[in-house]
Structure formats: structure tokens, C-alpha cells
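Let me begin by presenting the structure, written as C-alpha cells, before commenting on it.
What follows is calculated from the coordinates using simple rules that are stated; it is not laboratory data. Since we're looking at a predicted model, the values are computed, not measured. Ideal geometry is used to build each Cβ from the backbone, glycine not excepted, and the neighbour counts take in all protein chains shown.
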Amino acid sequence: MTPTPPPTSTPRAAAIEVLCLWATTHNSIDLLFHGAVTALADIDRGLVKTLIYGVLRQKEYLDAIIRQFSKHPLTKMKPRTLMTLRIGVYQLLFLSRIPESAAVNATINTLKAAGQPAWLIGFANGLLRSVARSRTTLPTPEQMAEGNRPILNHPAWLIERWQSQFGADKAKEICRCNNTEPLLSLRVNSRRTSRAALKALLEKSGIIAENGFYSPLGLLIKTFPGGIASLPGFEEGHFQVQDEAAQLASLLIGPLPARCRVLDGCAGLGGKTSHLAELLPSFGAIIAIEPDTRRFGLLRDNLRRLGHSEPVTPVRTDLQSYAATRPQPFDAILIDAPCSGTGVIRRQPDIRWNRQPEDLAQYQQTQLQLLETAAALLKPGGILVYATCSLESEENETVVSRFLESHPYFAVRNAATLLPESAHRLVDATGFFRSSPAEALDGFFAACLVDQRTL
């Protein structure tokens, strides 16, 4: 069970508690955040999220600034002290709408409320006021370097991998994009409304939405301070929050036959499950597998809200256990596999600090097992779509290559034949779909694998 931060009365105190708990547990920051803000008003939740996610996006830079003004090594500081300083410096250097006095005083008050000693309160207060006095002359993250490398707010091992894989310029651009808050991306529920109608509904409430760049169902919202549930059309099931890259990956399932049986082997919260439900032909049905209790509950809630409860049957189990029940074969299977998540760092900034190079081999083993299990559940001639939100080759083309070695009757279908023309440039020479933050998208990989035994 994920630990829950103790209740707090102020947004800054809540943010510090979440970051301290993350520093000691390295649990998902999303889970820790949602567990900490249930009792806060929407406007306070927004500030808490801005502080937490902003600190994680700019952690390396913030630490470099703190080192300039501190006589005490950061490695000797307790988590609460360091997180408090990061929160304070982040406000001073990145949140211009917060007055300098409020940024300093409200942050220092969290130390007083936590019963910290007077000398520590004085030290933190002095440091933040020194940063405040100097903030107009301090270098930006792009201007600052430590040692022989620029500050990119990513661990060195990950930067080196991306430089080797993508080249120095693209690696730097991926890091830059990961350090900025992404736009809110929606997928229109085509069974209940249209993109034009939802866009008009949002604009009536003063919310400016633009068509997505790649997906025919995508809408992008630049600024919205409230919670997702307060967006017009949410309760009516007019949309699902989903990045355009994930929307495109679902399209690789291809045209489905009437009365088809579809399996979503790793359903999660149901983003792709619900998209598949919209693509179903007459009398089609989907089985959605999700073992985690919390995610399974949210999966059912999303399906109900979007109006997909009838064609989709969620099953709370793992894929291997479900396969042991010997279900009837499926026409199409989607495996959106558990992965390192290095493609969604801009949305989940803690991932960059939580992952280690050795994690990739463990994920690869799980991914191959999932594909092996899925292949046995597929009808001859069926479609198997493999997807990850990873940028790493070990989890993407290497997994597909190893799978094809042991299943030579499968072949790769060119993703460009299944995607809108606007997304063709995201398909590589081997027919795989790839996106990255450098294209203002989440980093995704997807392959459409066709069972050729009856072709």
C-alpha cells in the first residue's frame, strides 16, 4: 500500500510532505499527490501540484542554486530541509505571480509549524532571502552548467543514453520538453459528441481549446486551473484525458471485423480500452484485464462515465491468470505493456529520478512474457499490437525482434497504413510508430504484428 502523507493545512506544507515521502519511498508521485490533497480546495490542489511537479522537473537546477548560497553541503541536509529550500527557490525563480514576500514567509512558516529548531529556520530564511535579492542576475537552467556538462535536470545515465540514441541536439530537446508542463490533452468520445461540438462547449466556458496536431480526436488546452472533473462535458462522458501519442497507438488495432472479440491485456485506467470501445463494429466485445485494485476501480468508473460498460467487460486479474481460464481466441489483442515510462517524464517527472539502468532488463522480461501469453490467445490471422510509453530500445524494437524470432509467423504491418496522414512522419522505416517529447507528444512506441498463419 502506498503511504499517505499526514494531513496539512497549507499548500506549501502539503507539497513538502509529499516530496519528503517521495524522497524516502520513491513511490509514484501521482499516488502520493492524490493521497495528500483530498481535503484541500481545488485552487490549493493546483498550487500543491505546481510546486511538487515543478521541483521534480527542476531539481538539478534548484540544487545548483542552493549550493551557491549555502555553506552546508546538500548531502548533509535532512529531506525536510532540502525540500523546503527547493520549494522556496522554485517559487522565487519560476512562479512570478507569487510575491517574493509570500514565497519566502509562507515557506519558512512550514518549518516553524513542523517544530524545526530556530537555527535551521534562520538558515533557511537567510538563504531564501539571499536568492530573492539575486534572482534577477542568476543564470537560467539553459545558461547554467556544473562541471563539464549543462544542467538538463535528468540523471547523467539517461542523458548519455539519449545522446547515443538520438544525437546531442534531440536529446537536449527531449530534456527541455520534459522540464516544461505539457498541455492538457483530451480525446473526444466520438460515440457521444464531436471534436467541433466539444470545442464549442469548452469555449462557452471561456476555455480555449485547439485541435491536436496528429490525432483526429485530439483537443489541446493550454491553461485550465481547475480539476479535470470540473471541465464541461466531463460528467457527460464527452472526453477522456489522453495524450495524442496514446490516441494514435490505439488506432493500430486496425479495422475490426463484425462480432469481433478484442482483448486489452494491460488496461490500466482504461484510456486505450475506451478508445477501442469507440472503434468497435456492431456486436463487438472487449475484455479488459487489470490486476491492480485501485486502477481496476478507476477503469470501471471511466467505462461507466464514457458509456462503454455494455461492450467492455473488465476483469480484475493478470493476463497469465486470465489465460489459464482458456478463453475463446481473440481477433485482436492490445498489450500496452508495463515499462520504464521514460517517454512520459514530462507528465510524471519523478520517473527520471526513480529509474536505474538495470530496470530495463527487468521490464523487458515482463514484456516478452506478456507477448508470449497474448500470442497464445490470438486467432490465426489476428492482430497483436504491442505498445510502451518508453523511449528505450531494449523495451521497444528489441522486444519485438526477440518475439518475432520465436514466432516467425508474425509480421510487422506498416503503422502508416493505419494512421492519419498527419501522423505518418511518426512512423519509422521499419513500420514502427514512434513519438517523443521533441514532437510535443509523450514518448510512445507501438508495433502492429499480424499473425499470417491463414494469409
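Numbers below:
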quantity	calculated
Relative packing of 44-50, 314-320, which averages over residues the other C-beta atoms within 10 Å, highest first	44-50, 314-320
Average projected area [Cα convex hull, the range 249-451], square nanometres	11.3 nm²
Those trypsin sites (Lys or Arg not before Pro) in the range 91-173 that DSSP places in a loop and that have at most 11 other beta carbons within 10 Å	97
Whole-angstrom gap from the range 7-35 to the range 213-270, using each part's C-alpha centre	28 Å
Most to least packed among 55-61, 191-197 [average Cβ atoms within 10 Å]	55-61, 191-197
Over the chain, equivalent-ellipsoid semi-axes from the Cα gyration tensor in Å	42, 24, 20
Rounded, prolate or oblate (a/c below 1.5 giving rounded, otherwise prolate when a/b exceeds b/c) for the range 22-67 by Cα gyration tensor	oblate
Using distinct alpha-carbon pairs, which all enter the 1/r mean, Kirkwood radius of the range 184-241 in Å	11.1 Å
Scaled radius of gyration (Cα, divided by 2.2 N^0.38 Å) that the range 11-150 gives	1.01
Taking all pairs of distinct alpha-carbon atoms in the range 280-356, Kirkwood radius in angstrom	14.8 Å
Two-site FRET efficiency, residue 143 against residue 258, from Cβ-Cβ distance with R₀ of 56 Å, rounded to 0.05	0.40
Spherically averaged projected area of the range 305-410 from its Cα convex hull (nm²)	8.5 nm²
Acute angle (nearest 10 degrees) that the helix 11-25 long axis makes with the longest principal axis of the chain, alpha-carbon atoms	70 degrees
Per-peptide average of other Cβ atoms within 10 Å, ordering 353-365, 286-298 highest first	286-298, 353-365
Mean residue ellipticity (222 nm) of the chain, computed from DSSP H runs ≥ 4 via -39,500 (n - 2.57), nearest 500	-13500 deg cm²/dmol
Whole-Å distance, taken between Cα centres, linking the range 397-440 and the range 287-355	21 Å
